[in-house]
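Okay, structure first, notes after.
The values are calculated or read from the model by the stated rules, or taken from the named source; none is laboratory data. Bear in mind the structure is a predicted one, so any value in this text is a computation, not a measurement. Glycine gets a Cβ as well: all are built from the backbone with ideal geometry, and neighbour counts include every protein chain shown. Only protein heavy atoms, including side chains, enter the accessible area calculation; ligands, DNA and RNA are left aside. Shrake-Rupley method; radii C 1.70, N 1.55, O 1.52, S 1.80 Å.
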Amino acid sequence: MVKLYDSSMFYDEMLEGSKPKVHYQTFYEQLQAFSMQQLQDKHQAAQSSFLRKGITFTVYGAEGGTERTMPFDFVPIIIPEETWKMIERGMKQRVKALNLFLHDVYHEQKIVRAGIVPKALIDNNPYYYKQVIGTTVPLQNHIFLAGIDLIRDEHGNYCVLEDNLRNPSGMSYVYQNRYVMRNIYPEFFGDYSIEQLEGQLVYMRKALLAHRPANLPIDQEVHAVLLTAGIYNSAYYDHVFLAKSLNIPLVEGRDLVVKDDTVYLKTILGLKRVDIIYRRIDDDFLDPVHFREDSMLGVANLLDAYKKGNVAILNAVGNGVADDKAMYQYVPEMIRFYLQEEPIINNVHTYLLEEEETRAWVLERLDELVVKNVGASGGYDMLIGPHATEEERQVFREKILEAPHQYIAQPTIKLSRVPAFQEGRFYPCHVDLRVFVMSGDETYVLPGGLSRVALKEGSLVVNSSQGGGGKDTWIVKGGNAHA
Amino acid sequence: MLSRVADSLYWIGRYAERTQTNAHILFSQLEQMLELSHKDAAYEKEWRAVLTICGYIEEYETHYKVGVLEEMVRYLVYDANNLNSLMSTVNSIRTNARHTRDRIPNELWEEWNSLYLDIQDGAYSNEISVLNTTDFLTHIRKTALTSTGAIDSLMTRDVGYQFLKIGKWLERSEKTALILHRLLEIADHLEVDRALRLSLRYTNTVDEYAYRSSVLTIDSILHFLISDAKCSRSVAYGLHKIKHTVYDIEQGLTNHNVENMYRTLDELIALTNVDATTLTIEEKKQWVNNIRQSCTNFGPIMAQAYYLTPPILVV
């Protein structure tokens, strides 16, 4: 008999006390049919499957073998359909508002004139690219793919933790987690009817190809590519998976050339025109002529072709201004301003630190709060106050005083937990959910998304680069049970 | 087809063929060696030939001594500084496969990646013993053969497939010429019959030759391994395959970039049609060496024709 734990301290995705919730009941019963040894054997088979298939990410700066797999945990996150529909509506609403904000911020700046977003927050933002002010992008859509990170608080309410509007990664893991789950743990699917992932990327391809550049004649076939930094990029497998699934060439910067403001691909039979670039390299590296001149990854004069409407770049250049951790605080207001709607899914309360009174209040409570660098991602440069030492808090105190605009603070949320099976035992781990939203002529939300779990016991950091793992996410059809 | 991707696929074809052939040569040499004392005169000559065919004899001799089995095997199998060691070529295949993962079957990637991971995990320690090494060589040969199966049964017959095959055929043609040249060079010091049998063994054509011929002479072997368009390891066979493939890629179009390549290829094929029976033994050696050198020269000419761009490797 497999024993779990008492979940009473936190909101648990699976358990109510030590009993499973209604929508986990079937899974729980299947779990009881296994011995710990069988689970251990399956666990080993799952981890090795990722390695053999080369589904790895690269840890920058790590010594020795830098290719690692994201640990997989078989206990899925099960979400009833009704709950998912609410999430889906919330995600579409949020991405729509963020896109309107991005268009506005590079054109009229109505939201600034209305006094909602401070002008300085835009002008001082390192991801606000003055080079693309006034540029109109295909479909006026800046966000082809968004990865929105959701968490649940101690009451089980979903909140948005972070918007990723530049190069959100992890979609390949959604598919591979399901693949491994189906192949190694088929028993757990039992009587569940789950939203399938197969076929969903057809919507993504459709959304991608909808971004025809302004100057491409309507009768001409559109040619798209996926631009990667190459095999040493941490998300290279993600790039391979998407290029293959979207049926577009996977290219590096040196495979492209710009001539007469038109982008071409270097092929064995000469140059071939490129109309859409789904880029997976950061803005700074896109074009050594207009951005970082030391970039070896980009294409000279790409920005000229982009601004002239000869090529579409997805996600659009300059999206970072909207997914900055300081701008995050204004997203609910963006929803109200552009859509005249109330946010369906709320933010986590966030303190900006430029104002002296708030800063002083935060500095007194560093042992209770989470502090994040507004420009960092992947769990880097952050302080989790309750888990930090006094020395670590002192370091952040100094960092905040030196550059208050560079940091934000949030209350330490009691992130929901879920059982994880690692090293032969079950223990509760904190979890979040990255939801993928794809937009072209229409907006689609990939059913489920990537559940990321902080496998280090007690840790709140779910990023793979910081020891986080992945779980399969099930949207259960007709599952109206309370989640 | 992207020029960079075509280049990587071409090199997967070359390295896979090199790995398979070198593993086979080493395997059969280790097996034969069991009956041969290291004091035997042939022992050092044969190993010297193997070091020339599968590695770089000059480089080897600056560091080690020919005749010391452990050192020779370590150099040819495990030495990361030897770009032709089996460890190195397996690494090269995997790296090029990573560069082209969106264009090759998953099964092909997984075959080479699994072998790479087994090596990394220490499944085959570099402690030299005949048993340990032959187990490792068997694993490599099986991987190479299974990956050939994955290519043939799962890969779309598009330009990517064609470049992979061109790499394989060119590597094979060049290697056959290299084996013949090296063995002709030492035939005077070895028994001629032994040199001829070795050439069949190293090219893995012992059975194929037995079906086709009952005599074993220098001329019959040269005809079989150079000119016979039906022998799967002959130089002519590989070059004809390349010619058909490049015509297919061009689909009858005349691209001025490829004219030089066509001309070189035609000259090379013509060279394989020389009647060896009319040549003296020295002329035969020179002829085979010319073929080998022309095969070596053809790679860069083809790369120029198709703008092949090698991947940048930052390790």
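A few remarks follow.
- Selection count, the stretch A:408-441, where residues are surrounded by fewer than 18 Cβ atoms within 10 Å (Cβ to Cβ) and modelled with pLDDT of 95 or more: 1
- Extreme residue, farthest from B:ARG14 (Cα to Cα), among residues of the stretch B:220-235 that are among the small types (Gly, Ala, Ser) and in contact (Cβ under 8 Å) with a residue 40 or more places away in the chain: B:SER227
- For the stretch A:141-164, the condition holds for at least one residue, the condition being that it is over 15 Å from the mean Cα position of the chain (by Cα) and closer than 22 Å to A:TYR306 by Cβ.
- Scanning the stretch A:139-151 for residues that are under 20 Å from A:PHE101 (Cβ atoms) and part of a strand (DSSP E or B) yields A:LEU145, A:ALA146, A:GLY147, A:ILE148, A:ASP149, A:LEU150.
- Every test in (1) part of a loop (DSSP other than H, G, I, E, B); (2) closer than 28 Å to A:PRO404 by Cβ is passed by A:GLU154 save one, and that test is (2).
Here's the yes/no breakdown for (1) within 25 Å of A:ASN310 (Cα to Cα); (2) in contact with a strand residue (DSSP E or B) (Cβ under 9 Å, 6 or more places away or on another chain); (3) in a loop (DSSP other than H, G, I, E, B):
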site: A:ILE78; (1), (2), (3): no, yes, no
site: A:GLU82; (1), (2), (3): no, no, no
site: A:MET91; (1), (2), (3): no, yes, no
site: A:VAL95; (1), (2), (3): no, yes, no
site: A:LEU121; (1), (2), (3): no, yes, no
site: A:GLN131; (1), (2), (3): yes, no, no
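- The single residue among A:LYS266, A:LYS244, A:LYS307, A:LYS272 that is open to solvent by 10 Å² or more (accessible area, probe 1.4 Å) and away from every other protein chain (no Cβ under 14 Å) turns out to be A:LYS307.
- So A:ALA312, is it out of contact with any Pro (no Cβ under 7 Å at 6 or more places or on another chain), on the phi < 0 side of the Ramachandran plot and open to solvent by less than 10 Å² (accessible area, probe 1.4 Å): no
- Filter result for B:GLU44 (without any contact (Cβ under 8 Å) to a residue 12 or more places away in the chain and of a type in the set (Asp, Glu)): no
- Each residue in the stretch A:442-466 was checked for being under 30 Å from A:GLN140 (Cβ atoms) and open to solvent by 30 Å² or more (accessible area, probe 1.4 Å), and 3 pass.
- Only listed residue being among the acidic types (Asp, Glu) and without any contact (Cβ under 8 Å) to a residue 60 or more places away in the chain, chosen from A:GLU187, A:GLU198, A:GLU162: A:GLU198
- Matching residues in the stretch A:187-198 - criterion: being open to solvent by 50 Å² or more (accessible area, probe 1.4 Å) and either hydrophobic (A, V, I, L, M, F, W, C) or in a loop (DSSP other than H, G, I, E, B) (or both): A:ASP191, A:SER193, A:GLU195, A:GLN196, A:GLU198
- Total residues in the stretch B:176-199 satisfying the condition of being open to solvent by 10 Å² or more (accessible area, probe 1.4 Å) and within 30 Å of B:GLU250 (Cβ to Cβ): the figure is 1.
- Pairs with Cβ under 7 Å, 6+ apart, first in the stretch B:1-17 and in contact (Cβ under 8 Å) with a residue 40 or more places away in the chain and facing chain A (nearest Cβ under 8 Å), second open to solvent by less than 10 Å² (accessible area, probe 1.4 Å) and among the hydroxyl-bearing types (Ser, Thr, Tyr): B:SER3/B:TYR306; B:VAL5/B:THR100; B:ALA6/B:TYR306
- Every pair of residues 6+ apart whose Cβ atoms lie under 9 Å, when the first sits in the stretch B:259-287 and is closer than 28 Å to B:TYR307 by Cβ while the second is of a type in the set (Lys, Arg) and in a helix (DSSP H, G or I): B:TYR262/B:LYS243; B:LEU265/B:LYS243; B:ASP266/B:LYS243; B:ILE269/B:LYS243
- Whichever residue in the stretch A:204-233 is of a type in the set (Gly, Ala, Ser) and more than 14 Å from chain B (Cβ to nearest Cβ) and, among such residues, is surrounded by the most Cβ atoms within 10 Å (Cβ to Cβ): A:ALA207
- Flag for A:GLY318 being within 19 Å of the chain's Cα centre (by Cα), in contact (Cβ under 8 Å) with a residue 12 or more places away in the chain, on the phi > 0 side of the Ramachandran plot and not in a strand (DSSP E or B): yes
- Conditions (1) open to solvent by 40 Å² or more (accessible area, probe 1.4 Å); (2) touching a Cys at 6+ places or on another chain (Cβ under 8 Å); number of the one not met by B:PHE224: (1)
- Exclusive hit being more than 14 Å from chain B (Cβ to nearest Cβ), in contact with an Asp or Glu (Cβ under 7 Å, 6 or more places away or on another chain) and of a type in the set (S, T, N, Q), set A:GLN93, A:GLN40: A:GLN93
- Yes/no for A:ASP441 being acidic (Asp, Glu), out of contact with any Cys (no Cβ under 7 Å at 6 or more places or on another chain) and in a loop (DSSP other than H, G, I, E, B): yes
- Residue selected from the stretch A:249-263 under the condition more than 9 Å from chain B (Cβ to nearest Cβ) and assigned to a loop (DSSP other than H, G, I, E, B), by the criterion farthest from A:ASP294 (Cα to Cα): A:ASP260
- Taking the stretch A:325-374 as the range and being of a type in the set (Lys, Arg) and more than 21 Å from A:ALA114 (Cα to Cα) as the test, the residues that pass are A:LYS325, A:ARG359, A:ARG365, A:LYS372.
- Apart from one condition, B:THR148 fits all of (1) open to solvent by 20 Å² or more (accessible area, probe 1.4 Å); (2) under 23 Å from A:VAL240 (Cα atoms); (3) not in a helix (DSSP H, G or I); the exception is (3).
- No other residue among A:TYR237, A:TYR278 is within 14 Å of chain B (Cβ to nearest Cβ), aromatic (Phe, Trp, Tyr), open to solvent by 10 Å² or more (accessible area, probe 1.4 Å) and under 21 Å from the mean Cα position of the chain (by Cα) apart from A:TYR237.
- Listed by position, the helices (runs of 4 or more DSSP H) enclosed by the stretch B:220-315 that each have at least 1 residues that are in contact with a Leu (Cβ under 8 Å, 6 or more places away or on another chain) and within 14 Å of chain A (Cβ to nearest Cβ) are B:235-250, B:281-305.
- Test: residue in the stretch A:24-43 that is of a type outside the set (D, E, K, R), without any contact (Cβ under 8 Å) to a residue 40 or more places away in the chain and in contact with a strand residue (DSSP E or B) (Cβ under 7 Å, 6 or more places away or on another chain): yes
- For the stretch B:154-175, a residue qualifies if it is of a type in the set (Lys, Arg) and surrounded by fewer than 24 Cβ atoms within 10 Å (Cβ to Cβ), and the qualifying residues are B:ARG157, B:LYS165.
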